[in-house]
Structure formats: C-alpha cells, structure tokens
Amino acid sequence: DQQVKQNSPSLSVQEGRISILNCDYTNSMFDYFLWYKKYPAEGPTFLISISSIKDKNEDGRFTVFLNKSAKHLSLHIVPSQPGDSAVYFCAASWSNDMRFGAGTRLTVKP
Amino acid sequence: KAGVTQTPRYLIKTRGQQVTLSCSPISGHRSVSWYQQTPGQGLQFLFEYFSETQRNKGNFPGRFSGRQFSNSRSEMNVSTLELGDSALYLCASSAGTSGREDTQYFGPGTRLTVL
C-alpha cells in the first residue's frame, strides 16, 4: 500500500521560473519528511528535510512546505536551473519506518 | 571522502538463481540500509544493518536477506529469484547515531535483471 504518493510523474518548467513538486501521504503518524534528488546512473542525494513541528524549511533555492492537516508536502525550487533536471523523491518517516514516493521527473528547459 | 560503492553495477540472472550484491559504505559510517527501486513504486526499504546487526526490516519475503561485516561492508542476498525481483537495488550509508535524522548517502545502485 502506497502511503506516500507523488501524483505527477513528470513536470516541465522554464529556467528561472518556480518548480513546485508535490507529495501526499496517508499515515498521520509520519512526523519527519525528506526530499531526495536523483540523477541517472547515480544514487539519490539528500536535499532538504522538515520535521512535523515546522511548516516550512528553507535552504537556498529550495523550500519545503508541510501542511499537516492536508497531509501534503511540497518542494519549491526558485529559480529553477537546468542542472535541477532530475527525479525528485519525497520520503516520510515515523519511528524507524520510512516510505518513499515513486518520484517526479523534473525537466528545466533553458 | 570516497562515496558509497556498490558492486556489481549490472547483473543478469535467470529465475530460480540466487544473487549477492555488495555495498561498501562511506568510511566511518556504521549503518547500511538497502532499498529496492522499481518503476512506479519508488524506493522500498528492505533492511538496515548497524554494527553487524539487523536493526530494522521492511516488508519483504525471507528470500531477501543481508549481513554486515565488521568493516561495515554489507551484502544483500536474494534467493530463488523471480521476474518481479528485477529492479535497481540501492544501498545507503549513514553514521547511524542520530536515528532517522542521520543523512543517508546513497550508492549508484545495482541494476538486477531477472530473465
């Protein structure tokens, strides 16, 4: 059963614009959330995380928003750059359980 | 610091065979986790080893097993391979001391194809 869902398999944006990647979860026990980026032929790399006690966390061009009531997580990339083109995975965890979404392929066009 | 390495990078097996995958974590890391990635399913957690002991386990059948050596290198074994085992197998290492807030560093994965 997929407790973490990324409903958009792909997203295409213009360079310089905002990229918004979305993630929904069903288990209200999740209290720690992460985003990973994956380039072809490489393993995922950690991007940014957020604890459920916060609703926003920023790191440079990357901001993660958490809406606990809607069980929704989003990653904003501003401004988007061609080098951001990759597959993005969201992950949610509680206790020792971590679940990943299926990923969204972001393409940033020059 | 050298990253996480996985060998082999690609593997082709037939149904019924068994396979062993290897993962060398970042030096000093004591935790190694294994994940299976299939199209449309994202990453699914297999198990985590810390200091040679299995610390956490996902919801996979007993055909999937692993171990960790005293140098923190880890192996994953899949017996009686099925077509559905075709996937990218990723391992991730972390210091293992800060729980789920430890940053995990992933290897490039082993692409297993079962024919």
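The values are calculated or read from the model by the stated rules, or taken from the named source; none is laboratory data. Everything numeric here is computed off the predicted structure, so don't read it as measured data. With ideal geometry, Cβ positions are generated from the backbone for all residues, glycine too; neighbour counts draw on all protein chains shown.
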* Asked: Can you tell me which residues in segment B:11-53 are in contact (Cβ under 8 Å) with a residue 60 or more places away in the chain and of a type in the set (A, V, I, L, M)?
  -> B:Leu11, B:Ile12, B:Val19, B:Leu21, B:Ile26, B:Val32
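Would a scan of segment B:97-113 turn up a residue that is assigned to a strand (DSSP E or B), away from chain A (no Cβ under 14 Å) and under 26 Å from A:Lys37 (Cα atoms)?
Scanning segment B:97-113 turns up at least one residue that is assigned to a strand (DSSP E or B), away from chain A (no Cβ under 14 Å) and under 26 Å from A:Lys37 (Cα atoms).
Can you name the residue in segment B:35-51 that is part of a loop (DSSP other than H, G, I, E, B) and small (Gly, Ala, Ser) and, of all such residues, is modelled with the highest pLDDT?
It comes out as B:Ser51.
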* Asked: Is there a residue in segment B:65-85 that is aliphatic (A, V, I, L, M) and modelled with pLDDT under 95?
  -> no
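Within segment A:100-110, restricting attention to residues that are within 13 Å of the chain's Cα centre (by Cα) and surrounded by fewer than 23 Cβ atoms within 10 Å (Cβ to Cβ), which residue is modelled with the lowest pLDDT?
Of everything passing the filter in segment A:100-110, A:Ala102 is modelled with the lowest pLDDT.
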* Asked: Among the residues of segment B:60-110, which ones are touching a residue at least 60 places away in the same chain (Cβ under 8 Å) and in contact with a Pro (Cβ under 9 Å, 6 or more places away or on another chain)?
  -> B:Leu90, B:Cys91, B:Ala92, B:Ser93, B:Ser94, B:Gln104, B:Tyr105, B:Phe106, B:Gly107, B:Thr110
* When residues of segment B:70-112 are filtered for being within 12 Å of the chain's Cα centre (by Cα) and of a type in the set (Ser, Thr, Tyr), how many remain? -> 4
* Please state which of the following conditions A:Asp31 fails to meet, knowing it meets all the rest: (1) within 14 Å of another protein chain (Cβ to nearest Cβ); (2) free of Cβ contacts under 8 Å to residues at least 12 places away in the same chain; (3) farther than 25 Å from B:Arg111 by Cα. => (2)
* For segment A:60-72, indicate whether the set of residues that are within 14 Å of chain B (Cβ to nearest Cβ) and either in contact with a strand residue (DSSP E or B) (Cβ under 6 Å, 6 or more places away or on another chain) or not hydrophobic (A, V, I, L, M, F, W, C) (or both) is non-empty. => no
* Can you run down the residue pairs with Cβ atoms below 8 Å, 6 or more apart or on separate chains, where the first is in segment A:2-16 and away from every other protein chain (no Cβ under 14 Å) and touching a residue at least 40 places away in the same chain (Cβ under 8 Å) and the partner is part of a strand (DSSP E or B) and basic (Lys, Arg)? => A:Leu11/A:Arg105; A:Ser12/A:Lys109; A:Val13/A:Lys109; A:Gln14/A:Lys109; A:Glu15/A:Lys109
* Does segment A:60-99 hold any residues that are modelled with pLDDT under 95, part of a strand (DSSP E or B) and surrounded by fewer than 17 Cβ atoms within 10 Å (Cβ to Cβ), and which are they? -> A:Trp94, A:Asp97
* Of the residues that sit in segment A:38-49 and are part of a loop (DSSP other than H, G, I, E, B) and more than 8 Å from chain B (Cβ to nearest Cβ), which one is surrounded by the most Cβ atoms within 10 Å (Cβ to Cβ)? -> A:Tyr39
* Structure fact -> Taking segment B:1-24 and keeping only residues that are within 12 Å of chain A (Cβ to nearest Cβ), farther than 17 Å from A:Tyr36 by Cβ and not in a strand (DSSP E or B), one is left with B:Arg9
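With farther than 25 Å from B:Asp102 by Cβ and either surrounded by 16 or more Cβ atoms within 10 Å (Cβ to Cβ) or out of contact with any helix residue (DSSP H, G or I) (no Cβ under 6 Å at 6 or more places or on another chain) (or both) as the only criterion, which of A:Ser52, A:Ser19 stands out?
After ruling out the rest, the residue left standing is A:Ser19.
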